[in-house]
1. Considering V84, V73, which residue is touching a Pro at 6+ places or on another chain (Cβ under 7 Å), of a type in the set (V, I, T), in contact (Cβ under 8 Å) with a residue 60 or more places away in the chain and closer than 15 Å to L6 by Cβ?
2. Could you count how many residues in the range 87-102 are under 16 Å from L128 (Cα atoms), touching a residue at least 40 places away in the same chain (Cβ under 8 Å) and assigned to a strand (DSSP E or B)?
3. Which condition number in (1) of a type in the set (S, T, N, Q); (2) touching a strand residue (DSSP E or B) at 6+ places or on another chain (Cβ under 8 Å); (3) assigned to a helix (DSSP H, G or I) is the one that N80 fails?
4. Just checking, does the range 41-50 include any residue being surrounded by 12 or more Cβ atoms within 10 Å (Cβ to Cβ) and of a type in the set (K, R)?
5. Report yes if some residue within the range 43-62 is part of a loop (DSSP other than H, G, I, E, B) and over 17 Å from the mean Cα position of the chain (by Cα); otherwise report no.
6. So the check is Cβ under 7 Å with 6+ separation or different chains; which pairs have a first residue in the range 46-60 that's small (G, A, S) and a second one that's part of a loop (DSSP other than H, G, I, E, B)?
7. Provide a single number: the residues in the range 104-121 that are free of Cβ contacts under 8 Å to residues at least 24 places away in the same chain and crowded, with 17+ Cβ neighbours inside 10 Å.
8. For the range 122-133, enumerate the residues that are on the phi < 0 side of the Ramachandran plot and in contact (Cβ under 8 Å) with a residue 40 or more places away in the chain.
Amino acid sequence: MAGPTLLTPEGLAKLQAELYELVTEGRRKAALRIKEAKALGDLRESGEYEDAKANQGFIEGRIRELERLLADVQIIEQQNNGVVGLGSQVRIRDEEGYEEVWTLVGSAEADPRHGRISNESPVGHVLLGRQVNDTVEAQTPAGLMRFTILEIS
């Protein structure tokens with residue numbers, strides 16, 4: 001069995017809000033779509049009905065997934081002790097001089113496009129326990145990444 005879901009306070013609030021929205025409005029809208037599709041007539045050839053049922057299935061699946069994630073949560077408290085840990089925001093520079101800022105989070109709230117990387121990702125894993133001025137390497141699907149930690153907050 002997997003361990004607890006690691007979340008920042010913001011990540012917890014976001015998942016709770018998504019669950020609330022799906023349980024209330026999501027289910028209501030899905031049921032209304034199915035009702036409207038049924039009113040159109042022959043269900044055997046109704047693409048709208050099939051689509052509405054598929055949407056309802058997606059919503060119910062996401063609700064179950066969120067309930068599972070939220071059943072065992074461990075809140076990540078950011079610690080500013082000079083060492084990269086969960087919740088740390090890390091500014092790095094790669095070999096070409098390009099700088100990025102990443103926040104290290106649990107896998108449930110990872111969103112690389114928005115600078116939130118999982119502690120289980122190749123980059124997140126090598127950052128854990130490191131300090132400012134450490135140079136680290138990570139083997140990623142795009143190849144070997146080498147970068148220096150400039151700041152931890």
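1. So the residue among V84, V73 that is touching a Pro at 6+ places or on another chain (Cβ under 7 Å), of a type in the set (V, I, T), in contact (Cβ under 8 Å) with a residue 60 or more places away in the chain and closer than 15 Å to L6 by Cβ is V73.
2. 4
3. Going through (1) of a type in the set (S, T, N, Q); (2) touching a strand residue (DSSP E or B) at 6+ places or on another chain (Cβ under 8 Å); (3) assigned to a helix (DSSP H, G or I) one by one, N80 breaks only (3).
4. No, the range 41-50 contains no residue that is surrounded by 12 or more Cβ atoms within 10 Å (Cβ to Cβ) and of a type in the set (K, R).
5. Yes, there is a match, as at least one residue in the range 43-62 is part of a loop (DSSP other than H, G, I, E, B) and over 17 Å from the mean Cα position of the chain (by Cα).
6. Sorted first by the residue in the range 46-60, then by its partner, the pairs are S46/L40.
7. Qualifying residue count for the region: 5.
8. If the condition is that a residue be on the phi < 0 side of the Ramachandran plot and in contact (Cβ under 8 Å) with a residue 40 or more places away in the chain, then L127, L128, R130, Q131, V132 are the ones that fit.
Computed from the coordinates by the stated procedures, all read-outs in this text should not be read as laboratory data. For clarity, every value in this text was computed on a predicted model and none was experimentally measured. When we count neighbours, we look across all protein chains shown, and the Cβ atoms used for this are built from the backbone with ideal geometry, even at glycine.
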